[in-house]
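J.: Take this structure first; my questions come after.
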Amino acid sequence: MNEIKIIICDLDGTLLNKEEMMSELTINTIKKLKENGYLFGYATGRPICSIENLMEKWQMNKDIVDIVIGLNGGHIKDYRLNREEKCFQIDGKLIEKIITHFQGFPVNFGVYKDDYLAVFKDDDLAKRLATSDNIPYIVENFQDIYKSKQSKLIVITHPSDMKYIREHGQKLNHPHLKSLQAGQIEYEYMDPQLSKSLGLELVCSWHDLSLKNLLAFGDADNDAEMIRDAGIGVAMENASTLTKSYANYITGSHQNDGVAYFLLEKILGGNI
């Protein structure tokens with residue numbers, strides 16, 4: 001653990017519980033990390049505008065959070081260095097191809113703009129995702145979206161339908177797309193080069209560090225590369241099989257403060 005300088009956590013299913021909140025133990029543990037000189041941040045599929053809207057609710061302001069990797073590596077902000085960068089986007093014509101692939105399925109579609117969620121239609125799925133992200137949603141004409149590049153396309157579905165949406169989604173093979181399940185209701189398409197690891201590698205370079213100096217926590221398939229590439233990768237008890245397969249350690253679930261207890265034992269010596 002001596003080489004660890006940066007600690008990065010996924011949010012949903014990792015740092016946040018089912019109520020999408022952080023426990024008092026988790027908050028105090030992260031504050032203690034800061035007192036001990038570690039850089040701390042999030043790596044998430046959520047847009048950065050959502051994270052910044054929710055920081056106050058989570059009692060995590062920019063004095064505590066140094067780095068945010070949003071959109072699975074597509075948007076990066078470093079508050080300590082005052083640096084920001086956007087990475088690989090997908091062509092709008094590919095978005096049209098994906099939507100056609102899901103014709104007749106019980107899904108909605110969304111793309112993140114700078115400060116809102118653009119959706120294909122107004123339904124409970126759009127409301128649920130926008131509410132979770134704490135940002136507004138707007139129904140847009142996707143004919144306009146097909147003409148521009150976007151960070152990713154979200155296929156939004158009910159949790160009970162996710163299994164066969166995922167199976168159908170994996171049948172769409174294209175050299176300029178990759179897809180994965182990113183949450184209970186989100187199946188996402190993005191540029192194959194895009195990953196949380198890519199964003200974190202860039203952030204590490206800004207601080208004259210490398211991924212070997214990174215301790216990362218995650219649960220879903222979109223965390224797998226980050227867990228694999230980090231100096232130390234930790235999967236949650238509730239993590240996917242893929243993410244667990246790359247982990248150096250397995251910690252408790254997001255419902256049982258798995259991140260906090262690991263940090264207390266391995267980094268902070270049991271002290272808050």
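The values are calculated or read from the model by the stated rules, or taken from the named source; none is laboratory data. Keep in mind the model is a prediction, meaning the values are calculated, not measured. Here the Cβ positions follow ideal geometry from the backbone for every residue, glycine too, while neighbour counts run over all protein chains shown. To get the accessible areas, we keep the full protein, side chains included, count just its heavy atoms, and leave off ligands, DNA and RNA. Shrake-Rupley method; radii C 1.70, N 1.55, O 1.52, S 1.80 Å.
J.: Would you be able to tell me the number of residues in the stretch 254-272 that are out of contact with any strand residue (DSSP E or B) (no Cβ under 6 Å at 6 or more places or on another chain) and open to solvent by less than 30 Å² (accessible area, probe 1.4 Å)?
T.: 5
J.: Also, quick follow-up: Restricted to the stretch 109-122, and to residues that are under 16 Å from TYR146 (Cα atoms), in contact with a strand residue (DSSP E or B) (Cβ under 7 Å, 6 or more places away or on another chain) and not basic (Lys, Arg), which residue is surrounded by the fewest Cβ atoms within 10 Å (Cβ to Cβ)?
T.: ALA118
J.: Would you pick out the residues in the stretch 64-83 that are touching a helix residue (DSSP H, G or I) at 6+ places or on another chain (Cβ under 8 Å), open to solvent by 40 Å² or more (accessible area, probe 1.4 Å) and in a loop (DSSP other than H, G, I, E, B)?
T.: LEU81
J.: Out of all the residues in the stretch 123-138, which are open to solvent by 20 Å² or more (accessible area, probe 1.4 Å) and either part of a helix (DSSP H, G or I) or farther than 24 Å from SER160 by Cα (or both)?
T.: ASP124, LYS127, ARG128, THR131, SER132, PRO136, ILE138
J.: If you don't mind, another one. Is it fair to say PHE109 is of a type in the set (Phe, Trp, Tyr), under 26 Å from PHE217 (Cα atoms) and not in a helix (DSSP H, G or I)?
T.: no
J.: Please go through the stretch 1-19 and give me each residue that is loosely packed, with under 15 Cβ neighbours inside 10 Å and in contact (Cβ under 8 Å) with a residue 12 or more places away in the chain, ordered by number.
T.: Correct list: MET1, GLU3, LYS18.
J.: Here is a further query. From the list LEU125, LEU71, which residue is in contact with a strand residue (DSSP E or B) (Cβ under 7 Å, 6 or more places away or on another chain) and within 13 Å of GLU188 (Cα to Cα)?
T.: One residue alone meets the criteria, LEU71.
J.: For ILE99, state whether it is of a type outside the set (Ser, Thr, Tyr), open to solvent by less than 70 Å² (accessible area, probe 1.4 Å) and within 22 Å of ASP10 (Cβ to Cβ).
T.: no
J.: For the subset of the stretch 121-139 comprising residues that are free of Cβ contacts under 8 Å to residues at least 40 places away in the same chain and of a type in the set (Val, Ile, Thr), which member is nearest to TRP58 (Cα to Cα)?
T.: Across the stretch 121-139, the extreme among qualifying residues is THR131.
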